[in-house]
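Everything on this sheet refers to the single structure shown next.
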Amino acid sequence: TMLVQRRRQSWSLFSLVAWVQFLFLSLRMSDGESARTKLVSVDFEIFGHVQGVCFRMYTEKEGLRLGLVGWVKNTYSGTVVGQVQGPAAMVEEMKVWLSKEGSPTSRITRASFSNQRTIDKLELSGFKTRF
């Protein structure tokens, strides 16, 4: 039992050291070094059967779920346009969602992304449908 106790103590010490290292790295990365904290903005246009299928509402929900800000709007030509801003990794997830998933009854034929740029701070707040 002495050996088991010794192993538990060393494992606990190892766990503590690993946790402290993780915390230190997390704090270091929080000053903008990682893709998770780099903020980006991108404009989008989605083509296909994307109007009359709650695409804007689902886009708002997905953007908020991912912690993004932005806006979405129907166009007269039958597409959906908008802009999303937030952490680079989450914006990339949103781009995949806009390209491949969308609302349950939508049929996306093409997604176009433009004006992708790094931003110092969010330029929008919330996620809104524009008219």
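Taking into account only those residues within the range 117-128 that are open to solvent by 40 Å² or more (accessible area, probe 1.4 Å) and assigned to a strand (DSSP E or B), which is farthest from residue 75 (Cα to Cα)? First the steps, then the outcome.
Narrowing the range 117-128 to residues open to solvent by 40 Å² or more (accessible area, probe 1.4 Å): 117-118, 120-125, 128.
Then drop every residue that is not assigned to a strand (DSSP E or B), which leaves 117-118, 128.
Details: 117: 23, 118: 26, 128: 15 Å.
In this case the residue turns out to be 118.
Within the range 73-92, how many residues are closer than 22 Å to residue 118 by Cβ and either in contact with a Phe, Trp or Tyr (Cβ under 9 Å, 6 or more places away or on another chain) or among the β-branched types (Val, Ile, Thr) (or both)? Please lay out each step first, then the result.
Quick first cut of the range 73-92, residues closer than 22 Å to residue 118 by Cβ only: 81-92.
Pick out the ones that are also either in contact with a Phe, Trp or Tyr (Cβ under 9 Å, 6 or more places away or on another chain) or among the β-branched types (Val, Ile, Thr) (or both) and you get 81-84, 91.
Of the residues in the range 73-92, 5 are closer than 22 Å to residue 118 by Cβ and either in contact with a Phe, Trp or Tyr (Cβ under 9 Å, 6 or more places away or on another chain) or among the β-branched types (Val, Ile, Thr) (or both).
So residue 114 ticks every box in (1) over 13 Å from residue 43 (Cα atoms); (2) among the hydroxyl-bearing types (Ser, Thr, Tyr); (3) in contact with a Phe, Trp or Tyr (Cβ under 9 Å, 6 or more places away or on another chain); (4) open to solvent by 40 Å² or more (accessible area, probe 1.4 Å) but one. Which box is left unticked?
(1)
The values are calculated or read from the model by the stated rules, or taken from the named source; none is laboratory data. On a predicted model such as this, the values are computed, not experimentally measured, just so you know. Cβ: placed from backbone, ideal geometry, glycine included. Neighbour counts: every protein chain shown. Heads up: the accessible areas ignore ligands, DNA and RNA and are worked out on the full protein's heavy atoms, side chains in. Shrake-Rupley method; radii C 1.70, N 1.55, O 1.52, S 1.80 Å.
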